[in-house]
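Visitor: The structure under discussion is supplied below as structure tokens; questions concerning it will follow.
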Amino acid sequence: MNLRQARAALSSLFASVWGQTTPITWDSTLPPTPGTAFVRFTVQETTSKLDTWTGSDQNWRHYGIAAVQIFVRAGSGTAQADDLVQLVRFNLMGKRISAELSTYEATVHDDGPDGHGWDQTRVLVRFQYTQTTT
């Protein structure tokens, strides 16, 4: 597995879990519907390490973060954001997506008002995948 395949698998899992809950913005694109709650989903690799080396095969372990940024209208209260956070946490953390890819924890950060009419809450889901190179 490589980063592109891991990103595709994580994005697919997120899209199937999220469904039509709110519009989804992928990576660094703008929100699809101004004025309504939305979520931004991004995947970033953070570190890699050589796990094992057997003959000419190198098995690498790559770690990263799938960031789910939840945006709700400022001043609308915490209920909607709390519900969306729980949807992410319970459906994305601790999942074995394939033999090479799994998620293992989620942390929540309440960033609050952004000064542009949104309250942001981030859910950072840590993942790891293995890659064999020759």
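FYI, it's all coordinate maths here, none of it is from the lab. Quick caveat, the model's predicted, so the values are computed rather than measured. Cβ: placed from backbone, ideal geometry, glycine included. Neighbour counts: every protein chain shown.
Visitor: Once the Cα atoms of helix 79-92 and of the chain are each reduced to a long axis, what angle between those two axes, in degrees from 0 to 90 to the nearest 10, is obtained?
Guide: Taking Cα atoms only, the helix is inclined about 10 degrees.
Visitor: As a check on your grasp of the helix formula, calculate [θ] at 222 nm for the chain: sum -39500 (n - 2.57) over DSSP H runs of n ≥ 4, divide by the residue count, round to the nearest 500.
Guide: -7500 deg cm²/dmol
Visitor: Taking all pairs of different Cα atoms in segment 3-133, averaging 1/r and flipping that mean, what Kirkwood radius in angstroms comes out? Walk me through the intermediate numbers first.
Guide: On the way: mean 1/r = 0.0638 Å⁻¹.
This gives a value of 15.7 Å.
Visitor: Quick query: amide H of W60 versus all other amide H atoms, modeled in the peptide plane; which residues come in under 5 Å with a sequence gap of 5 or more or a different chain?
Guide: D51, Q131, T132, T133
Visitor: Please give me the summed charge of the neighbours of D111: other residues whose Cβ is under 9 Å from its Cβ, Lys and Arg +1, Asp and Glu -1.
Guide: Value of the local net charge: -2.
Visitor: Below 8 Å between Cα atoms, with a sequence gap of 6+, how large is the relative contact order for segment 3-133 in percent?
Guide: Working: 256 pairs, mean separation 31.0, N = 131.
With pairs under 8 Å counted, the relative contact order is 24 percent.
Visitor: Something else: Would you list E105, E100 from fewest to most Cβ contacts within 10 Å?
Guide: Ascending Cβ contact count within 10 Å gives the list E105, E100.
Visitor: Right, something else. Give me the Å³ per residue figure for the convex hull around the C-alpha atoms of segment 72-118.
Guide: Spread over its residues, the Cα hull of segment 72-118 gives 81 Å³ apiece.
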